[in-house]
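The values are calculated or read from the model by the stated rules, or taken from the named source; none is laboratory data. Everything numeric in this text was worked out from a predicted model, so none of it was measured. Every residue, glycine as well, gets a Cβ built from its backbone with ideal geometry; the counts of neighbours run over all protein chains shown.
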Amino acid sequence: DVKVTQSSRYLVKRTGEKVFLECVQDMDHENMFWYRQDPGLGLRLIYFSYDVKMKEKGDIPEGYSVSREKKERFSLILESASTNQTSMYLCASSFALNIAKNIQYFGAGTRLSVL
Amino acid sequence: KQEVTQIPAALSVPEGENLVLNCSFTDSAIYNLQWFRQDPGKGLTSLLLIQSSQREQTSGRLNASLDKSSGRSTLYIAASQPGDSATYLCAVENQGGKLIFGQGTELSVKP
């Protein structure tokens, strides 16, 4: 079974703190994604990566950065956390781009509260 | 810009009933369509993936159909059970591997 592991289920941080959310997958997937999920807005893509050291902006990259130094690990960084970044953050991975049966596998999510 | 809509937003049915969840999308140039299940406070679990060249996929009591030309997909759940209670999300994949999600349908199956 594919496993996508997010390092924390719950996090509480203060405004202005630098926050790292970590995600690890164990299936040698090329693609990794970070989403946030908010009531009424659904899932929105923040950043994704299709290879080591590669990154692409999603729909809402402002206030976030990412790092992919190793294939299995994709980190989401909030340089200076703000209250409007309180949300559920979901990491996902998939095998590769442009293949027909490209299922995305999700982690359990990190619920981040910024006070 | 691709938009994905799911109707209804919430649905409550008695146990044993067959039900249909609807998903529509505005741009028919999709690579595939996926249905996911999300339990409260948890991540998403992939249920079915329909490739753009396919019309339907089945897994156990679940059947998903795709009509690309009309921009519609349905998820049919047969003989619903309380354990089916969850939020069901559909998502379309365009070129580039990005998924665009609907807002989901929250399903409650009453014993």
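Things worth noting here:
- Which listed residue is surrounded by fewer than 13 Cβ atoms within 10 Å (Cβ to Cβ) and more than 21 Å from B:W35 (Cβ to Cβ), from A:L115, A:L76: A:L115
- Of the residues making up the range B:34-50, just one is assigned to a loop (DSSP other than H, G, I, E, B) and touching a Cys at 6+ places or on another chain (Cβ under 9 Å), namely B:G43.
- Some residue of the range A:35-46 being in a strand (DSSP E or B), modelled with pLDDT of 95 or more, of a type in the set (S, T, Y) and closer than 30 Å to B:A10 by Cα: yes
- Taken as a whole, the condition of being closer than 26 Å to A:G40 by Cα, away from chain A (no Cβ under 14 Å), among the basic types (K, R) and touching a residue at least 40 places away in the same chain (Cβ under 8 Å) applies to B:R72.
- Residue that is nearest to A:G58 (Cα to Cα), among those in the range B:87-107 that are buried (at least 21 other Cβ atoms within 10 Å of the Cβ) and more than 10 Å from chain A (Cβ to nearest Cβ): B:V92
- Number of residues in the range B:67-88 that are farther than 15 Å from B:S12 by Cα and part of a strand (DSSP E or B): the value is 5.
- Condition check for A:R44 on (1) closer than 24 Å to B:G41 by Cα; (2) basic (K, R); (3) in contact (Cβ under 8 Å) with a residue 24 or more places away in the chain: one failure, at (3).
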